[in-house]
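Working notes, beginning with the structure itself.
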Amino acid sequence: MKMKAFLYGVCLMLPLFLASCGDDDLKNANSVAINKSILSRDRTLGVEIVYSDSARVKAKAYAPIMDKVTPANGSTYQEMIKGVNIDFYNPNGTIDGNLVCDYAIRKDTELKTEFRKNVVVKNKEGSTFSSQELIWDESKKYFYSNQRVYVKGADGSIGEGINFKAPQDFSTYEMNSGNGELNMKESVAP
C-alpha cells in the first residue's frame, strides 16, 4: 500500500515539476552560459620586480599582491590590487624618484600601466605630482593623465591642471586648464 501511495504522489508531482521548467528558463540559462568568460588568475604575494636595460637597474617595484590574469579571449594583464611602490634609479645606481599608488594594472599588449587611487610621484628635483590616475606608456616613454594632477615644486610652487603629460623621469611636464602659485627669484641687474 505504501508503494502505491508513493507512485501516486510521484505521478501527481511530476506534471507540476515539468510545468515549472518553461522555455524561458532554458533560454536564460543558455544566455548566462554564453556570456560567462573563462579566465585564469595566478596570484603572487610579496612581489619585487626589477626593470633593467643593458644590465643597469632602472627601477624596482614592490607589490604586496600581483595577479596575472589570462582571459579566455583577450590579452593578459597584471593587476596589483593592493598597490605598488616603485623606486627609480639613476645611472649611478642611487634612487632619484619614486611612485606609489593604491592600485595598478599593466596591460601586456598595449604596453601601458595604469596607476590609480592616490598616485604620488616624486622626481629627482624634489617635485611631487599627485593624482587619482597616471598612465605610463612604455613604448613612448612618458606618463599622461586626463584626470586632475597636482604639482608641488621643491621651491614651494604649487599648481594643478588636466591633460597632464611628462617624460618618464618627470623632468618637465605640461598640462592644460592649469592654475597655481609660482615662486619667482628676483634678479638684480648690474
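Here are a few things to note about the model shown:
- Qualifying residue in region 121-137 (condition: exposed (fewer than 15 other Cβ atoms within 10 Å of the Cβ) and free of Cβ contacts under 8 Å to residues at least 24 places away in the same chain): no
- Unique residue being exposed (fewer than 14 other Cβ atoms within 10 Å of the Cβ), closer than 26 Å to TYR173 by Cα and hydrophobic (A, V, I, L, M, F, W, C) when the list is ALA154, ALA72, ALA55: ALA154
- The set of residues in region 70-86 that are of a type in the set (Val, Ile, Thr), assigned to a strand (DSSP E or B) and modelled with pLDDT of 90 or more comprises VAL84, ILE86.
- For region 122-168, the set of residues classified as part of a strand (DSSP E or B) and aliphatic (A, V, I, L, M) consists of LEU134, ILE135, VAL149, VAL151, ILE158, ILE162, ALA166, listed by residue number.
- Among the residues here, GLU110 qualifies as assigned to a loop (DSSP other than H, G, I, E, B) and either modelled with pLDDT of 95 or more or surrounded by 14 or more Cβ atoms within 10 Å (Cβ to Cβ) (or both).
- GLY97 fulfils the conditions (1) modelled with pLDDT of 90 or more; (2) surrounded by fewer than 19 Cβ atoms within 10 Å (Cβ to Cβ); (3) not charged (D, E, K, R) except for a single criterion, (2).
The values are calculated or read from the model by the stated rules, or taken from the named source; none is laboratory data. For clarity, every value in this text was computed on a predicted model and none was experimentally measured. All Cβ positions, even for glycine, are placed from backbone atoms using ideal geometry, and neighbour counts span all protein chains on display.
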